[in-house]
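Rule-based calculations on the coordinates, nothing more; no lab input. Computed from a prediction, not measured in an experiment: that's the story for all the values here. Please note: Cβ atoms are built from the backbone with ideal geometry, for glycine as well, and neighbour counts cover all protein chains shown.
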Amino acid sequence: MISRTSRIGVLGLAVSVVMVAGSAAQAGLLAASSGGAMPAFTGTQFFDDNFFGFTVSANVDYAVFAPGAFGAAFPGQDPSGGAHYVYAYQIDNLDTAITKLTVGLDGDETLGAIGSVADPGTVDPSAALYVGAGPTSSAWDFTGLGTGQSSAVLFFTSAQAPELHSSTVAAAWSNSHDLPSPLPEPATLTLLALGAGVTCFGKRRRL
């Protein structure tokens, strides 16, 4: 399972500023169409790593669209019909051929469709699927996204609003950073909080 780096849904102002600042580096269809996306969850993440000559180097543009907003930016492309948040990503490969983008999930979200929107001159994924029990990630596979190439706009839909979750770009090597991903179900959070409260109460009673 992909480890969580943060379980906090309401991000601090400093995080929002960094993410908004990153949006200036965007390029491609997603960047051009992300004006209606959530500002705190729109930007570019640079994935870069080298391990004994195995490298990955890519920019991933990302944008989360509130229910109904994706259809306005990409007419006819929202499979949820405006009912879900749409999580969108686009890869700009700078080095070794990329084989996969994986976005981490908690395993208890309400998920919808996963797929891609064609962008002229870009590479479509060979597969788009949810992976693991729960599932634990959404993934897009490529037979080879070469140097200087960009992917189609990759997306999945969810009833849950965004937070950040560890995600991976894989080439000859893989590199992980945070990308937007849905929060757990509110009911699950409530149960976790109640469980923690019962545990604390039981410990106090035994003192």
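With θ set to phi - 60°, apply the Karplus curve 6.51 cos²θ - 1.76 cosθ + 1.60 along region 53-62 and write out the HN-Hα couplings as whole Hz, x wherever there is a Gly or Pro.
Here the 3J(HN,Hα) series is x, 8, 10, 9, 8, 7, 9, 10, 6, 9 Hz.
Over region 134-181, what is the relative contact order in whole percent, taking alpha-carbon pairs under 8 Å and six or more residues apart?
Computed over region 134-181, the figure is 26 percent.
Please report Tyr85, Tyr62 as a ranked list, fewest other C-beta atoms within 10 angstrom at the top and most at the bottom.
Working: Tyr85 25, Tyr62 29.
Ascending number of Cβ neighbours within 10 Å: Tyr85, Tyr62.
Quick one: length gained pulling Ala133 to Asp108 fully straight, 0.36 nm per residue minus the C-alpha distance?
Length difference between fully extended and current span is 8.0 nm.
Can you list residues whose amide H is under 5 Å from His84's amide H, if they're 5+ apart or on another chain and H is modeled 1.01 Å from N?
HN-HN under 5 Å from His84: Gly68.
Provide the per-residue ³J(HN,Hα) series for region 152-163, in order, calculated from phi with Karplus coefficients 6.51, -1.76, 1.60 and θ = phi - 60°, each as a whole number of Hz, with x at glycine and proline positions.
Once rounded to whole Hz, the list reads 4, 6, 9, 8, 9, 10, 8, 6, 9, 6, x, 9.
Give the whole-number value, in cubic angstrom per residue, of the convex hull volume spanned by the C-alpha atoms of region 39-87.
Enclosed volume per residue, from the Cα hull, is 94 Å³.
What distance in nm separates the simple spin-label points at Asn50 and Asp141, each placed 7 Å from Cα in the Cβ direction?
According to this spin-label approximation, the distance is 3.0 nm.
So what are the ³J(HN,Hα) numbers for region 82-89, from phi and the Karplus equation (6.51, -1.76, 1.60; θ = phi - 60°), rounded to whole Hz, Gly and Pro as x?
Once θ is set to phi - 60°, the couplings for region 82-89 become x, 8, 10, 5, 10, 9, 10, 9 Hz.
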